[in-house]
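Below: one structure, written as structure tokens.
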Amino acid sequence: MRAESERRPDMTTRAVRPTAPEAPASPGTRYQQLLAEHIGGMNPGLERRVSELLALTDFSAAAFERLNAAEVASLIVLVALGESGARWAGLLSPDEEGVLRPASRRGAGKPGWEELQLEAPERLPDASVLRSGGEPPKEDAAAEPFRQLMRDSEASSATLLRTRDGLRGVLLLGEPHPDLAGSQTDFLEALSVSAAAALEKCRRDEELRVANRRLSLHVYQLRSLMDLTAGLHRARDEAAVWDLLLHGAMGHVLASRAAVVAGGRVVAAKGPKRPEDDGATLVRAAEILAGEHNIRPATDLSHWATSCDLARMEIGWVVPFASGAVEGTLFLGAAGFGRELSSADRAFLTSLTGQASAAVESLRLTRASIQKEKELEVARRIQARFLPSEAPAYPGWDLWGINIPCLSVGGDYYDYLTLDEAVFVTIADVSGKGAGPALIMASVQASLRTFFRHGQPGIASAAQDLNHHLHQNTEDSRYMTAILARLEPATGRLDYLNAGHVHPVLVRGDGSVERLDRGSTVLGLFPEIDTEVGTCELGPGDLVALYTDGLSEAEDPAGSLFDDARIVDALIAARSMGARDICGDLLSRARAFSGPSPLRDDLTLVVLKRRGRQIVV
Amino acid sequence: MPDLQVATRRVAEVVVVEPKGFINAHTVAEFEGVLNALVEAGDVRIVISGAHLSYVASAGFGAIMGLIEEARAGGGDIRVAALTGTVAHIFRVLGFDRLCRTFETEGEAVLSFGGH
């Protein structure tokens, strides 16, 4: 500061007071103070300019420290009023739609000021300061709206506060004090630049605040949606899902009432308790909207009387949703403080209802799959219980059977019933899978055992009896294929009845092959059947293989079947083995054939082998 | 340490509910359960003190919204006090402070119910 004074010797003669110990910190303010101290004694013109300059620097320093547009507007008016000596000053600034409206005013009042407004014109006049009075109206037409504004407000001047981005305000001044006319225009022009810049800064600050607020809201909503999604998929039951859906939706739009309708009933509701018949109204409205996916205001259902009821219930929005088999409708009270739903709100609600219905669907599928798994487990246990644990032993004979259940429980069955002179061998396959066929098998076993134990050894009548039993007691499409056989170990005589089953293979010790094809149609499909019993003799070294289509229809990855020809070839090759080894051999060939493909059906194989003479002896 | 603990205290005829921790989709059922039990029992002058509240997800606002009208219909209200940091910010951002009266301190909120 000392250096400054030395360069301007003409000023050093004035009484410059030393810097006060409590001097203001701001250099700008110190400079203003310094200038102000020199004003007294200047010529009046210079004095006025310095005073104006001080007002401008003061304004600029203050305006840029403030963020609030109202405060800046007020400051502009005060500075203009102070320097111009006008009776009043007022500022109009643009609102969000760009319409200029009163922002601040000081000085003598005028009725109607608050009602002033001006649609900001596309083109602005060249001049920044317009004055009323004796000037000829030769200026451009763009000034006219502002002149009208001056006439309406009885202003003597209008100063346009503009930046490159457009008009930021209009400063209106009332009649000036007569002594102070003259230099106002220059000052107002200078002020207009600073004032416009300050207002522009306020506008940008405000935009930034709004953008920050919006961003902050979106981040929060996204976090909430993630929180809700995780919660929905962790919910232990459907009621918990619907509750959380309501909490999430109500919290998002700040509604105090909401309900969900799914499956034709109100599954959850929150907010003040309502009469019972309101539930019926919600269900009816949900039916009207079934299959839609648009979020709608409740009043949109105006074609139906429902809309009046929804209005009475203070329902504002209806949100239909669906995921797979789960369909429903969310009803929401009007959003808090009556706001409209934005596209982001709609996206939130669509996403939330989608997640909720997916969570419910997932719960239902899990429950169904647990139910099914339990049912299969029961069926497996039933099936395992009635399969024979071991084959009966007869001198000179080797009997063996295997049953390999596939993943789903099928309807394969085999059994031996030993009587005094004969063994009854049964192999059967009930159509269908699951607990149904397994239970039928249990009843088939019971009726066969009853039948044979009561001294009716004829397999033809056994087949008739079984057909009748199945036809009477099972659904129409259910049937069974079976081989019923009676073997006399002492003689080697085998009587059999093939009821629509895969033909058993008889392989003689010499390698010749016969198929056992006598019998009847499948059992259980028709009320009456014709039967024919086939008979053959098994000599030493001969064998009969009975099997189900789980063996003959084992598939390789290319879809070819392990057909009868392969089975016959394998049996011929294995005919000198024991029954157990033959079973094992065929099973491993079938498995090698199907490769990585799992068995599609139960596989059952029973081998009745008469030992060769050399082994018997 | 659970995500949320909800303590309640009676101050004159007002019940102060003091949730500690996080109100989110995981804990909202517990929070709502406490408020619901109060409203059902006729304790409708409720102050939720946010002094120990770390976060409120939107499901938590849903729980308050779902009971506030019932509390008002019963001659009471649900008011909020002593919000701090993030939670106070969320209340402002959502505009929740326009739907629900909020106070700087629990004492002010309790006194706001007047001599009922």
Only listed residue being crowded, with 17+ Cβ neighbours inside 10 Å, more than 55 Å from the chain's Cα centre (by Cα) and in the same structural domain as A:Phe187 (by TED's automatic domain parsing), chosen from A:Ala108, A:Ala80: A:Ala80
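From the list A:Ala196, A:Ala142, pick out the single residue that is away from chain B (no Cβ under 14 Å), buried (at least 16 other Cβ atoms within 10 Å of the Cβ), closer than 30 Å to A:Pro111 by Cβ and not polar (S, T, N, Q).
Unique residue meeting the criteria: A:Ala196.
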Strands (runs of 3 or more DSSP E) within the range B:29-116 that include 3 or more residues within 26 Å of A:Val219 (Cβ to Cβ) and at pLDDT below 90: none
Filter result (within 20 Å of B:Gly66 (Cα to Cα) and either within 11 Å of chain A (Cβ to nearest Cβ) or in a loop (DSSP other than H, G, I, E, B) (or both)) within the range B:1-28: B:Phe22, B:Ile23, B:Asn24, B:Ala25, B:His26, B:Thr27, B:Val28
Number of positions in the range B:45-67 that are within 11 Å of another protein chain (Cβ to nearest Cβ) and either surrounded by 24 or more Cβ atoms within 10 Å (Cβ to Cβ) or free of Cβ contacts under 8 Å to residues at least 12 places away in the same chain (or both): 11
Scan of the range A:351-410 for residues that are free of Cβ contacts under 8 Å to residues at least 12 places away in the same chain and more than 17 Å from A:Gln445 (Cβ to Cβ), ordered by number: A:Leu365, A:Thr366, A:Arg367, A:Ala368, A:Ser369, A:Ile370, A:Gln371, A:Lys372, A:Glu373, A:Lys374, A:Glu377, A:Ala393
Set B:Asp97, B:Asp3, B:Asp43: member being in contact with a strand residue (DSSP E or B) (Cβ under 9 Å, 6 or more places away or on another chain) and closer than 24 Å to A:Ala356 by Cβ: B:Asp3
Selection from the range B:29-41 of residues that are within 14 Å of chain A (Cβ to nearest Cβ) and loosely packed, with under 14 Cβ neighbours inside 10 Å: B:Gly33, B:Glu40
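Yes or no: A:Arg203 in a helix (DSSP H, G or I), at negative phi and more than 14 Å from chain B (Cβ to nearest Cβ)?
On the way: in a helix (DSSP H, G or I): yes; at negative phi: yes; more than 14 Å from chain B (Cβ to nearest Cβ): yes.
In short, yes.
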Conditions (1) closer than 29 Å to A:Met480 by Cβ; (2) modelled with pLDDT under 90; (3) aliphatic (A, V, I, L, M); number of the one not met by A:Ile615: (1)
Among the residues listed as A:Leu417, A:Leu363, the single one being of a type outside the set (Phe, Trp, Tyr) and either at pLDDT 90 or above or over 20 Å from A:Leu605 (Cα atoms) (or both): A:Leu363
Among (1) within 30 Å of A:Ala356 (Cβ to Cβ); (2) of a type in the set (A, V, I, L, M); (3) more than 14 Å from chain B (Cβ to nearest Cβ) - the single one A:Leu149 does not satisfy: (1)
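Step by step: first the residues of the range A:227-286, then only those that are of a type in the set (Ser, Thr, Tyr) and in a helix (DSSP H, G or I), then the one that is nearest to the other protein chains (Cβ to nearest Cβ). Which residue is that?
By that ranking, first place goes to A:Thr229.
The values are calculated or read from the model by the stated rules, or taken from the named source; none is laboratory data. What you see is a predicted model, and the numbers here were worked out from it, not measured in a lab. A quick note on method: Cβ atoms are made from the backbone with ideal geometry, for glycine too, and the neighbour counts reach across all protein chains shown.
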